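Everything on this sheet refers to the single structure shown next.
The values are calculated or read from the model by the stated rules, or taken from the named source; none is laboratory data. Note that the structure is a prediction, hence the values are computed from the model and not measured. Ideal geometry is used to build each Cβ from the backbone, glycine not excepted, and the neighbour counts take in all protein chains shown.
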Amino acid sequence: MEDDAPVIYGLEFQARALTPQTAETDAIRFLVGTQSLRYDNQIHIIDFDDENNIINKNVLLHQVGEIWHISTSPADKGVLATCYNKTSDTKVMTCAAVWRMPKELESGSHESPDDSSSNTQTLELLCHLDNTAHGNMACVMWEPMGDGKKIISLADNNILMWDLQESSAKAVLSSSAALEGKGQLKFTSGRWSPHHNCTQIATANDTAVRGWDTRSMRQIYCIENAHGQLVRDLDFNPNKQYYLASCGDDCKVKFWDTRNVTEPVKTLEEHSHWVWNVRYNHSHDQLILTGSSDSRVILSNMVSISSEPFGHMVDDDELSDQEDQHQEEKIKEPLQDSVIATYEEHEDSVYAVEWSSADPWLFASLSYDGRLVINRVPRALKYHILL
Amino acid sequence: MAAVTAGSGAGSGAAGSPEARYYGPATAEAAEAAPDPTDINGPHFDPEAFMTKVRSECPLGQLLAREAALGREIRALDSDMQTLLYENYNKFISATDTIRKMKVDFRHMEAEMDDLAANMAAISASSARVSAALQERHRRGAQLAGTGPGRFTGADQWGVSRGGCPPWGADPLVARAARERVDRYLRALQTFFLGCLGDVRQALAAPRPPGKEGPGLPDLLATLAASVLGQLKAVLAYVQLFTARDVAFASLPYFKGEFCVTAVREGLVVAFVRWLCRTARGFADGPAERGAPAAPPALLLLLARLCLDYENSTISYILTLTDEQFPPQDSGPAVTPGPALCAEARAAAQRLLDHYVQVQGAAVAQMLRKSVETRDWLGTVEPRNVRAVMKRVVEDITAIDVQVGQLFEEGVRRAQSSDSSRRAFSVYSSSRAPGRYAPSYTPSAPMDTHLLSNIQKLFSERIDIFSPVEFNKVSVLTGIIKISLKTLLECVRLRTLGRFGLQQVQVDGHYLQLYLWRFASDERVVQGLLDEVAASAAHRCLDPVPMEHSVVELICERG
């Protein structure tokens, strides 16, 4: 069926945190965390049945506080980490913890969202990430394609690497690094590179993007003034090891080659307000998803800087840059970068966009009013890329 | 006075007669008076008689005094004489020097005059050669056209052939020379424009003494536009001269057709206008090197107005002028139509104005962002004042309003709506409608807050943060206000507020609404955004108890 129509799910609360269930590669599943100051916070497990285009949900209680960031383990479908606010009358502290969801929900269920007898279940706390010494946790990153035992969290100006031991019941700080400098330095976001044997991460603080080696906890590169204003998010190109994308409050998305950090390789300026998220598609790195507080989600085709700038070559699945050049004789014109589609189903700022880890053509976007929209890459483009 | 002689005559006895001869008639009178040998100044002065007389008549004291006085006089006279001598000698010496110098200079001038004469001779020789050569070509050309050599003698002083020339194509040397000259003029125009821009930037950046107004933007714009236009006209005049003076060439069909079109209209005028638009637009694309200072907003505004004026009138004026002076051929090469150039100018103006809005919006937004990020919203006390930053925001926006108003017309404002039914849903609205909300609203179920805000959204139009800015003041100001308030909204959503924090947001919001609505093209825009700020603040508040509206008004009135 020609059905590219978006599917919308509404949470009753404000929400900012979204993640795909990373370890799940068959079923399409996303997790959303709520932000409420007066009611018990929840994590909604959204199950998308793509044959029938319907959503099934399960709700887990997350009573410790409102959720600012959520991420799932790449190895264990039931394990996730959240950054949440602990509020008292005088102080707000963002803490992080690792949780396990009830076994029966790991693989989703078939409760429809209209089911009023939605029995919310609770998460099992596995361990806290103790940050009394470090500050407010901004995010928690799992080692990509790892065994789920290593996580990195960013707390104020600290990078903390943790070992999860005893089946994640205990988190031990294995190494850390701190960003020195004047003023109150604070990391806004970070990303773990899937390349270099997962030994590199990139962080964003203020207007700079820094790369770190996790073995030595030293800075490898620094992109100063990456954006005119605050950098909000980063992502690594899954197929090209030195490329990363950043987005920020200057409404721009910039693409960088970390071997030459003086100039961005490409700049996108399609949004009219702060860009909060940028995501590469996990398989086809020319597809870039961005979400912004101008309430729009934009899907862009950045072919010229992707791993397949000349389109899909029938024989070769892993093309490196050098091989591209050798094939110039049989190559057609390089494709043009363009905006594929602008999705306007949201009416409030979009704070999170994520690709599904099960279906590479499907993605979800979340806006502050609790609206989760599931969309797909237009069919025409999908076939064009595949064939 | 005869003091000179007296000074030297103290010991000379033969002072009498030579002085009489020297001083002539004056002393003759003195000689007629009784010759008095004791008169020290007289011609018959006799020192012996003088000394006897003095010795017998004067007391010792007087003698000593007279001696002292005499001594002084002698010394004074001596030095005077020396000075006079020295001056006289000096004058003689400098006179000699001057005359020597004049001799040398005249020798130089003579040499240069000789050179000049030689050059003039050479120039007239080569000029004669050139015109001889061209006369040959003209003669041949006239022959080819079938006109006899006899017709050629109708040439006037400029060597213009009265006969027609066949269209056998342009002389490549001449064509190239003409193109090079035009290129040079284009580059000179470009340099001139960049120089004018530099002056404008300096004028904008110059520190002003307090109390003195800076240069008015309309003045700067008028000067810039007039200078550029003046220079362009001057260049056209030079090119006109070039084609007129060497009119031997001018009658070639190249000059009549292709030169006018290709070189002058396209290569000079159109190329310059295009370059101007591109350069102006370049200021909106950020500094060339990262870290270099960005263009000041006033410059962006000025260039936007300049490009708009070009689109509206200047381009067609320039093209008309060019076409008058260098009439194009009908069958000539394609020309760039005026509307295409106007479109480029308008695009540049739009980009510059959009960028201006972005830059100014970001500046105001940064103030709001810092004010939200750094405040302790949980522990703050009950608000007594509007926060200082809000007043600065209003001041800055007022200043921007003045700045934009110097160059752009007011624009159309939407009349204030009397329909206030939608106010009922803005529970925490800081509007001026009193009593429209419940003082302590606590949602009984999670659905209610959500339902309310969704219903509110149904009635209000979705605010497009970046609808393209129009070329009038209210549109520009609305764009800037939208960016600022949207930033305020985003920053408030990232914090957690206590009860008094929420009330402070309420007070600040009311203040902004009181003073900002008149800048926007539609006050509902300002109202809508501030409502969203209030709603988000309420959601982020641990204990949402809004302040009494009358108290809010009181605080804002107090300022």
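Worth a mention:
- Which numbered condition residue A:41 fails, given (1) of a type in the set (S, T, N, Q); (2) out of contact with any His (no Cβ under 6 Å at 6 or more places or on another chain); (3) surrounded by 19 or more Cβ atoms within 10 Å (Cβ to Cβ): (2)
- Evaluation of residue A:265 against (1) under 18 Å from the mean Cα position of the chain (by Cα); (2) in contact (Cβ under 8 Å) with a residue 40 or more places away in the chain (one fails), failing number: (1)
- Answer from A:12, A:24, A:51 - the residue that is assigned to a loop (DSSP other than H, G, I, E, B) and either under 19 Å from the mean Cα position of the chain (by Cα) or at pLDDT 90 or above (or both): A:24
- Restricting attention to the range A:219-231, the residues being part of a strand (DSSP E or B) and surrounded by fewer than 22 Cβ atoms within 10 Å (Cβ to Cβ) number 4.
- Here the condition is being buried (at least 24 other Cβ atoms within 10 Å of the Cβ), touching a residue at least 24 places away in the same chain (Cβ under 8 Å) and of a type outside the set (Gly, Ala, Ser); of B:506, B:513, it holds for B:506 alone.
- Of all residues in the range B:470-507, those that are closer than 11 Å to residue B:377 by Cα and either in a helix (DSSP H, G or I) or away from chain A (no Cβ under 11 Å) (or both) total 8.
- Matching residues in the range A:256-276 - criterion: being more than 14 Å from chain B (Cβ to nearest Cβ) and within 30 Å of residue B:485 (Cβ to Cβ): A:268
- Being in contact (Cβ under 8 Å) with a residue 60 or more places away in the chain and within 14 Å of another protein chain (Cβ to nearest Cβ) is a description that does not apply to residue B:558.
The rows are residues; the columns are (1) over 18 Å from residue A:15 (Cβ atoms); (2) in the same structural domain as residue A:27 (by the TED database); (3) modelled with pLDDT under 85; (4) of a type in the set (A, V, I, L, M).
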{"site": "A:317", "(1), (2), (3), (4)": "yes, no, yes, no"}
{"site": "A:326", "(1), (2), (3), (4)": "yes, no, yes, no"}
{"site": "A:361", "(1), (2), (3), (4)": "yes, no, no, no"}
{"site": "A:369", "(1), (2), (3), (4)": "no, no, no, no"}
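- Members of the range A:273-289 found to be of a type in the set (Ser, Thr, Tyr) and under 11 Å from the mean Cα position of the chain (by Cα), listed by number: A:280
Quick grid of which residues meet (1) in the same structural domain as residue B:266 (by the TED database); (2) in contact with a helix residue (DSSP H, G or I) (Cβ under 6 Å, 6 or more places away or on another chain); (3) of a type in the set (Ser, Thr, Tyr); (4) under 18 Å from residue B:469 (Cα atoms):
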position	(1), (2), (3), (4)
B:337	yes, no, no, no
B:344	yes, yes, no, yes
B:347	yes, no, no, yes
B:353	yes, yes, no, yes
B:370	no, no, no, no
B:386	no, yes, no, no
B:391	no, no, no, no
B:405	no, yes, no, yes
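- Taking the range A:200-244 as the range and being at positive phi and in contact (Cβ under 8 Å) with a residue 40 or more places away in the chain as the test, only A:217 passes.
- Summed over the range A:33-59, the residues that are more than 16 Å from residue A:16 (Cα to Cα) and either touching a Gly at 6+ places or on another chain (Cβ under 9 Å) or more than 14 Å from chain B (Cβ to nearest Cβ) (or both) give a count of 12.
- Criterion violated by residue A:270 - all others in (1) farther than 21 Å from residue B:359 by Cα; (2) in contact (Cβ under 8 Å) with a residue 60 or more places away in the chain; (3) surrounded by fewer than 21 Cβ atoms within 10 Å (Cβ to Cβ) satisfied: (1)
- Residue check, residue A:334 at pLDDT 90 or above and assigned to a loop (DSSP other than H, G, I, E, B): no
- Candidates B:501, B:479, filtered to the one that is at pLDDT 90 or above and under 40 Å from the mean Cα position of the chain (by Cα): B:479
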